[in-house]
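Chemist: This is the structure I have questions about; it appears just below.
The values are calculated or read from the model by the stated rules, or taken from the named source; none is laboratory data. These numbers come from a predicted model, not from an experiment. Note: ideal-geometry Cβ built from the backbone for every residue, glycine included; neighbour counts use all protein chains shown. Note: areas computed on protein heavy atoms with side chains; ligands, DNA, RNA excluded. Shrake-Rupley method; radii C 1.70, N 1.55, O 1.52, S 1.80 Å.
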Amino acid sequence: MDTFEVSTRQRNEFVEITDLVRQAVVRKGVQQGICVVYCPHTTAAVTINENADPDVVHDMLLWLNRTIPQQQPGFRHAEGNSDSHLKASLVGPSVTLLIENGELVLGRWQGVYFCEFDGPRTRRVHVRVSGG
């Protein structure tokens, strides 16, 4: 398993990590298989989405923050980050990618993103590459 760190600068932020995931695949030398990208944090997530137009990331964060604002009547978690836990659960802790001919199988405009919902922080991401 490979592990790398992602440093975020904002409370809610998407950081593209596609190149770091690709490097993990290259290091393993796998030609055909599966790559799992996993976030071991309860207030962060991983997703795949468009990486060509930054407005997509902007719009996703805008929607998440409007739908799940930080302060809501009834939230009881003492740390004040209940919204971060909700966002992380909705987006999810992992993605699975196919590997073909030693390359990640991604759509033309797709990228892998680390999703920070309780930053700024330094976080870890695990990558497991399996196959032959």
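Chemist: Among the residues of the stretch 74-106, which ones are aromatic (Phe, Trp, Tyr) and in contact (Cβ under 8 Å) with a residue 60 or more places away in the chain?
Modeler: Result: no residue meets the conditions.
Chemist: Might you check whether a residue that is assigned to a loop (DSSP other than H, G, I, E, B) and more than 21 Å from Arg11 (Cβ to Cβ) occurs anywhere in the stretch 111-125?
Modeler: There is no residue in the stretch 111-125 that is assigned to a loop (DSSP other than H, G, I, E, B) and more than 21 Å from Arg11 (Cβ to Cβ).
Chemist: Here's another thing I want to ask about it. Of all residues in the stretch 81-91, which are surrounded by fewer than 15 Cβ atoms within 10 Å (Cβ to Cβ) and under 17 Å from Val57 (Cα atoms)?
Modeler: Hit for the stretch 81-91 is Leu90, nothing else.
Chemist: Looking at the structure I just gave you, is Phe14 touching a Phe, Trp or Tyr at 6+ places or on another chain (Cβ under 6 Å) and touching a residue at least 40 places away in the same chain (Cβ under 8 Å)?
Modeler: yes
Chemist: Residues of the stretch 92-132 being of a type in the set (Val, Ile, Thr) and open to solvent by 70 Å² or more (accessible area, probe 1.4 Å), which ones?
Modeler: Thr96, Val105, Thr122
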